[in-house]
Amino acid sequence: MNVYDAAKILGIIGEINPKIVKSAFREACKKYHPDVNPAGEELMKMINEAYEVLKDYSGESRDQQSDYSNALSEALNAIIHLPDLIIEICGAWIWITGNTKIHKELLKESGFKWASKKKAWYFRPEEYRSKSRGKKSLGEIRAKYGSSRPDTAKASHTKTLNNYDR
């Protein structure tokens, strides 16, 4: 993960220093902890990685967007319980493969876009633009940024429990 992505994930705009990073990290931990967020386990992995990148960094963030983590959380929570999907977190993006055709409308409503060359859906907040314009294969993206898969069974169980609470 690069400094730019790490700052977006922690919601840091402008000056970056260890004190600001630590404060942003703590706020993100409270907000996205798995006990309060069904997709929290994957988000916490991203937040921890972002903290590792920035904990000793001093400089400026060139980003104007501060709601990146919320957008990722909302998108992931909207689809994490759906069956037959393979969800991968690669860097700061969410990639969806598997039997996506039956969930096409929900994926669109949740802000996912179709990458025809990769035969996969992806999520990134609307304001974020890629410079590569889709030149890398999904395999190359996995190799460069790593890939992790959320425990969708645990998320489905949490969603079921939350529905009983109502």
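Values in this text are rule-based calculations from the coordinates and carry no lab data. Keep in mind that this is a model prediction, so the values were computed, not measured. For neighbour counting, all protein chains shown are included, and Cβ atoms are generated from backbone atoms with ideal geometry for every residue, glycine included.
Assorted remarks:
- The range 1-80: trypsin sites (Lys or Arg not before Pro) falling in loop per DSSP and having at most 14 other Cβ within 10 Å: Lys55, Arg62
- Linear extension gain, Lys136 paired with Ile102, 0.36 nm per residue minus alpha-carbon span: 9.6 nm
- Within the range 1-84, GluC sites (Glu not before Pro) in DSSP loop having at most 15 other beta-carbon neighbours inside 10 Å: none
- Net lengthening on full extension, Trp114/Ser58 (0.36 nm per residue, minus Cα-Cα): 16.5 nm
- Contour minus Cα-Cα distance for Lys30 and Asn48 (0.36 nm per residue): 5.2 nm
- Ratio of the Cα radius of gyration of the range 1-69 to 2.2 N^0.38 Å, where N counts its residues: 1.01
- Whole-Hz couplings from phi, Karplus 6.51/-1.76/1.60, listed for the range 72-88; x for Gly and Pro: 4, 4, 4, 5, 5, 5, 5, 10, 4, 8, 6, x, 6, 9, 10, 9, 10
- In this rough spin-label picture, where each label sits 7 Å from Cα along the Cβ direction, the Lys22-Lys144 distance is 3.4 nm.
- Computed over neighbours whose Cβ is under 14 Å from that of Asn17, the net charge equals 0, Lys and Arg +1, Asp and Glu -1.
- Across Lys45/Lys136; Lys117/Lys144; Lys31/Lys113; Lys8/Lys101; Lys113/Lys135, pairs whose alpha-carbon gap is larger than 21 Å: Lys45/Lys136; Lys31/Lys113; Lys8/Lys101
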